[in-house]
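Here is the structure we will look at.
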Amino acid sequence: MGKIWTNSGDSHFLEPEDLWRTRLPKELAELTPRSEKDPDGEWETVHVDGQSFRRKLPTSAMADFKEDSYRAVGVRDAGARIGDLDKEGVWGEVVFPSLGMWASTFRTPELLRAALRASNEWAMGELVPVSDRYVVTAQIPTLVVEDAVAELEWAAENGFRAVFLPTTPHPKAPDWHRYDWEPLWAAAEAAGMVVAFHIGTDPVDLTAGGAGVVFRGPGGAVLNYAETTFSGQRAAMKMVASGALDRHPDLKVLISEGGATWIPFLGDRLLEGYRQHYKMARPKLSRNPKEILMTQVYASFQHDETAVAAHDAMGYKNVMFGSDYPHMEGTFGHTQNTLKDLFDGVSDETRLRITQGAFYELFPHVPPVPAEG
Ligand code: MN
């Protein structure tokens, strides 16, 4: 078999570190994250929005990211990125921002609005025009519902086709299953905007040791990685159980990086809960929750050996490959080997659905992948 071309439902770009400092008015720029590193290079003091805290320099998520960024030249260079993608056999890709991890540390709506708008304008100017293969996600402030709606509508008017939402909103905002967010789901559906949750983006308590540190001790690294997956599942089940996806049948959700096999499993649990606890279940749904989850939620995976079986054996058709470029959990450097292993002995129909079809259902404007071979 020759080269297998695939689209990717999960990839990342590192914005310039001074993006906010150079684009925001001075009084807001001063509130964005600023690090003072200790001379020994092990600890830093981070100042953000009037808060200061000490932390050990991250040794996991972001540090890995930075190491990877040296070999994946395209993580900071939108033009060079195409070369990396071609080598890997990745055609179109959903591109997530990186600076957005700070959004939950901003305490005022004004700062959050301005910072994310600056990021979106930067992406519009520097990333989107480089290639029609990039589906760049717009960032949405989630502290105030009206601000979220306004930014989504602005993004839609400016050509974005997907918004990135954290798996849990800003710590001071209502959670995703609350009716407060109804205007956002209505706006996303009306604009044909895909709502993309990336796993592991619950608000971070930065004072607790950095992003993604839940467990310490034996197994910690693996536990912390596996743990990130559940945030995506929680976001999906809130969208289903609260009726958000039932009320908006044309709204499509993408859960990136969390694997795919959990969808049929979680669908069973939601259905059982809804059916067996029917008297208590609010709101009532017009379709069964498993059907809603299986049809309106798309899920990207990178190495999961069971993801293809979710498509072939469990009836879940919205399985989407994602390279997670350029993260350590991703397939950069071995995407072709991964694809060949995953699809060895699998029908062309299944392979094309997982590598292309599910993606094009969400993003039909992306040009077709080159002929295989
Ligand atoms: Mn990812």
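Some observations on this one:
- Inter-site label distance for TRP43 and LYS279 at 7 Å from Cα along Cβ, in nm: 5.8
- Average silhouette area of segment 253-368, convex hull of alpha-carbon atoms, in square nanometres: 8.5
- Label sites at GLU17 and GLU329, each approximated as a point 7 angstrom past Cα along Cα to Cβ, lie 2.5 nm apart.
- Taking each residue as 0.36 nm, the span from ARG216 to GLU305 lengthens on full extension beyond its C-alpha to C-alpha distance by 29.3 nm.
- Relative contact order %, the chain, counting alpha carbon pairs below 8 Å whose residues are six or more apart: 20
- Accessible surface of the chain [probe 1.4 Å, protein heavy atoms]: carbon and sulfur percent: 54
- The Rg/Rh ratio of segment 127-262, with Rg taken over Cα atoms and Rh as the Kirkwood radius over Cα pairs, comes to 0.99.
- Computed over the alpha-carbon atoms, the chain gives an Rg to Rh ratio of 0.95, Rh here being the Kirkwood radius from the mean inverse distance.
- Residue separation of ASP77 and TYR179 scaled by 0.36 nm, minus their Cα-Cα distance, works out to 32.7 nm of gained length.
- Per residue, the chain exposes 43 Å² of accessible surface when a 1.4 Å probe is rolled over the protein heavy atoms with every protein chain present.
- For the chain, DSSP calls about 30 percent of its internal beta bridges antiparallel.
- The distance linking segment 328-354 with segment 279-325 is 19 Å (Cα centroid to Cα centroid, whole angstrom).
- Peptides 161-167, 24-30 ranked from most to least packed give 161-167, 24-30, packing being the mean of other C-beta atoms within 10 angstrom over each peptide's residues.
- Principal axis dimensions, segment 61-185 - Cα atoms, whole angstrom, descending: 45, 33, 25
- Estimated FRET transfer efficiency when R0 is 30 angstrom, pair ASP341-LEU57 (beta carbons, to 0.05): 0.25
The values are calculated or read from the model by the stated rules, or taken from the named source; none is laboratory data. As the structure is a prediction and not an experimental result, all values here were calculated from the model. Backbone-built Cβ (ideal geometry, glycine too); neighbour counts: all protein chains shown. The area values use the complete protein model at the heavy-atom level, side chains included, leaving out ligands, DNA and RNA. Shrake-Rupley method; radii C 1.70, N 1.55, O 1.52, S 1.80 Å.
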